[in-house]
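Encoded as structure tokens, the structure appears first; notes follow it.
The values are calculated or read from the model by the stated rules, or taken from the named source; none is laboratory data. Since we're looking at a predicted model, the values are computed, not measured. Positions of Cβ are generated from backbone atoms using ideal geometry, with glycine treated the same way; all protein chains shown enter the neighbour counts. Ligands, DNA and RNA are stripped out before the accessible areas are found, and what is left, the full protein with its side chains, is counted by its heavy atoms. Shrake-Rupley method; radii C 1.70, N 1.55, O 1.52, S 1.80 Å.
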Amino acid sequence: MKTKIYQMIVSAVARAHAAGALASAETGDMVVEIPKTESHGDLATNVAMVSARLQRMAPRRIAELLLAHLQDPENLVARTEIAGPGFINFFIRPEAWAAVLRDIHLAGEGFGRSQAGRGERIQVEFVSANPTGPLHVGHGRGAAVGDTVANILAAAGYEVQREYYINDSGRQIRTLGRSVFLRYQEICGRTVEFPEDCYQGDYIRDLADQMYQTHGAALMEKDEEAAVALCARHAADTILAGIRKDLEDFGVRFDRWFSEQSLYDEGRVEAAIDDLTRRGIVYEKEGAQWCRTSDYGDEKDRVVVRNNGLTTYFASDIAYHQEKYARGFERVIDVWGADHHGYIPRMTAAVEASGRRRDQFQVILVHLVNLMRAGQPVAMSTRAGEFVTLADVVTEVGRDAARFIFLTRHYESPLDFDLELAKQKTNDNPVYYVQYVHARIASILRKAADEYGIGTVDVEAVAKPGVLEQAEEIQLIKLMNGFPEVVATAAASLEPHRVTFFLMDLAAAFHAYYNRHRVLAEDQAIGRARLCLVRTVQQVIANGLGLLGVTAPEQM
RNA sequence: GCGCCUGUAGCUCAGUCGGAUAGAGCAACGGCCUUCUAAGCCGUGGGUCGCAGGUUCGAAUCCUGCCAGGCGUACCA
């Protein structure tokens, strides 16, 4: 509808120009938008105001000329008006909205999809938690955001790949192995001092116990390095398998699991450093190798190879990101925890130094989750190994509630996640509010089939004049009409919460309509038209929930 | 010190590329089930958009400065 009005304006300007009424055929930076207040029409444009300078004419005068040259071949517009400083407001005929409804209904599952992304190849890397412990609630938010962003991008016509980067190399893995080996030694009866920098959680004891079950006390005889390496391998593999399962239970899937170690095995880290050194971007100072990130906007240069010869995490990250672009992605999106925000300038610098544009690299910084229970904060201390895992939360509140709540805020806002609220089956809990729409409509459809003998929804029912004229019905159609744009905007801005808010708006409009009007009305023509309307609402709710990875229940 | 993020109703938050009278939920109060699921709906009150300038037809939105809070600022990962 918006596009059609836009086209009408563009051709009106052209026609007015051809007739000599306007000095230019340009429309400037005009927009067509849905006004906040209903009295300002269904759609409005600021074209007269933005082109006032261009046309050297008063905005209201331009508006008058445009309306004189406006043509409406599809007979969409009931009336127009010029308002305020020069807005042109369009009031759409109710019958035109019925036609829109028919289009939405026919689009079905595909409604909401668009080609806005034009097939741009994008990689979304998210979660990427170190395999040194189970996923906690914060990872859950990152998982929900990353997965949903990927879904939304795909729906908006981008070609998306989802990836998990496994930090399976370096010191933290050795620390993991050391932690397990120490607990293993305890099991074998030796008294050991357990250092603070080792992983404290109970799961380390479980892993040590598994090592004991497999190897008995044999590792005590081995060289310590070898024993630690064995423990590290077993622990990382086991924990990673757990992470995969947790994510699967959370409805998150990845196209690829990428190993950091493989970068070393294939010589990519070395190659990346060599390449940057050859180009003078990596240089030596005080026995270490530094990258000139400060030439690309970072506040200082960063070490890639320490004076002890070991590469930094940054070095493998450079190699990893180079490898991503080499795979053909035009844009790379990383989802990180907000505590890593200081890392953005250097990573952006590295991307640019590697020959890509700055805007080919984007970071979504997901902020903290404050876990609550009935308004009280839940104590979480990673150091003491006391944290609530994602799996615990999913078990307690369910996958749908968890995912939905993670997406009810802009990811740059801290999120209070109340476990009791998430389980509540009231309108305080937004996920039930939205799902309830789907279930309610499913119930109506069942009733229509069983008691009214209307087994199939007839699209043409809405075309009959006089069947869909209630204000609440038009309101529902208008809202649904905006869904593809919501998805496209959410994709362009990487803001999944827009879809969540859209669903809550549509749900509110439906519940209001439901309470005011009976769908299965006595008048058969009206009843059939309304049935088509609510079936379409149900479809749009299902499509939106699908993007969020939340189920749309037939019954609640 | 420097950098990034945040500041909108009592609370939690939306606010489209700069648009018209800044919205929703919660909390408070008052109503609605013999009718398709009350896990729902309807109504009432509530605002110096952190502060001060600037840009322009027009600013919560863009720019500058300041204030407050959070996070970061390793030859850690």
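Put a plus charge on the Cβ of each Lys and Arg, a minus charge on the Cβ of each Asp and Glu, and nothing anywhere else: the dipole of the stretch A:224-331 about its Cα centre is then about 260 debye.
Take every Cα pair under 8 Å in the stretch A:259-338 that's 6+ residues apart, average their separations, divide by the length, and report that relative contact order as a whole percent. The value is 24 percent. Between rounded, prolate and oblate, where does the stretch A:115-200 land on the alpha carbon gyration tensor, with a ≥ b ≥ c its root eigenvalues, rounded for a/c under 1.5, else prolate if a/b exceeds b/c? Note, shape of the stretch A:115-200 comes out prolate. Which percent of the accessible heavy-atom area of the stretch A:388-500 goes to carbon and sulfur, probe 1.4 angstrom? Carbon and sulfur: 47 percent of the exposed surface of the stretch A:388-500.
Each Lys and Arg adds +1 at its Cβ and each Asp and Glu adds -1 at its Cβ; summed about the Cα centre, chain A shows a dipole of about 1420 debye.
The sum of -39500 (n - 2.57) across all DSSP H runs of n ≥ 4, divided by the residue count of chain A, sets its helix-only mean residue ellipticity at 222 nm to -16000 deg cm²/dmol.
Solvent-accessible surface (1.4 Å probe) assigned to A:GLU412 amounts to roughly 100 Å². Magnitude of the charge dipole for the stretch A:199-261, about its Cα centre and with charges confined to Cβ atoms of Lys, Arg (+1) and Asp, Glu (-1), is about 200 debye.
Of the residues A:VAL149, A:GLN289, A:ALA12, the one whose Cα sits farthest towards the positive end of the charge dipole of chain A is A:ALA12 (charges of +1 on Lys and Arg Cβ, -1 on Asp and Glu Cβ, taken about the Cα centre).
Mind running the shape call on the stretch A:205-336? Use the C-alpha gyration tensor, a ≥ b ≥ c as the square roots of the eigenvalues: rounded below 1.5 for a/c, prolate if a/b tops b/c, oblate otherwise. Judged from the Cα gyration tensor, the stretch A:205-336 comes out oblate (a/c at least 1.5, b/c at or above a/b). Helix A:471-481 axis versus longest C-alpha principal axis of chain A: approximately 50°, rounded to the nearest ten. Summarising the strand pairing of the stretch A:307-461, around 25 percent of its internal DSSP beta bridges are antiparallel. Counting heavy atoms of the protein chains alone, A:THR395 has an accessible area of about 120 Å² for a 1.4 Å probe. Please label the shape of chain A as rounded, prolate or oblate, based on the square roots a ≥ b ≥ c of the eigenvalues of the alpha-carbon gyration tensor (a/c under 1.5 means rounded; beyond that, a/b larger than b/c means prolate, else oblate). It comes out oblate by the Cα gyration axes. The listed residues A:TRP97, A:TRP290 rank as A:TRP290, A:TRP97 when sorted by accessible area, largest first, using a 1.4 Å probe. How large is log10 I(q)/I(0) at q = 0.14, 0.20, 0.25 Å⁻¹ when the Debye formula is applied to the Cα atoms of the stretch A:1-95, each weighted equally and without solvent? Once normalised to I(0) and log-transformed, intensities are -0.44, -0.91, -1.41. So how tilted is helix A:202-215 from the main axis of chain A? Cα-based, degrees 0 to 90, rounded to 10. It is inclined by approximately 50 degrees. Beta bridges assigned by DSSP with both partners in the stretch A:78-226 are antiparallel in approximately 45 percent of cases.
The residues of chain A have, on average, 47 Å² of accessible surface per residue, using a 1.4 Å probe with all protein chains present. Angle between the Cα long axis of helix A:483-493 and the longest principal axis of chain A, 0 to 90 degrees, nearest 10? The angle comes out at about 40 degrees.
Rolling a 1.4 Å probe over the protein heavy atoms of the stretch A:29-95, with every protein chain left in place, gives an accessible area that is 51 percent carbon and sulfur.
Normalised by the number of residues in chain A, the average gap of Cα pairs under 8 Å and 6 or more apart makes the relative contact order 16 percent.
Ordering A:CYS188, A:CYS198 by accessible surface, largest first, gives A:CYS188, A:CYS198; the 1.4 Å probe counts only protein heavy atoms, with every chain in place.
Among beta bridges identified by DSSP and lying wholly in chain A, the antiparallel ones come to about 50 percent. Separation of the alpha carbons by more than 18 angstrom is noted, of A:LYS2/A:LYS464; A:LYS36/A:LYS478; A:LYS2/A:LYS36; A:LYS425/A:LYS478, for A:LYS2/A:LYS464; A:LYS425/A:LYS478.
Considering only alpha-carbon pairs that sit under 8 angstrom and 6 or more positions apart, the relative contact order computed for the stretch A:333-456 is 22 percent. Exposure check, 1.4 Å probe, all protein chains in place: A:LEU182 carries approximately 30 Å² of accessible surface. Return the carbon/sulfur percentage of the accessible area of the stretch A:216-282, one whole number, probe 1.4 Å, all protein chains in place. Its accessible area is 46 percent carbon and sulfur atoms.
Ranking A:TYR432, A:TYR513 by solvent-accessible area of protein heavy atoms (1.4 Å probe, all protein chains present), from largest to smallest, gives A:TYR432, A:TYR513.
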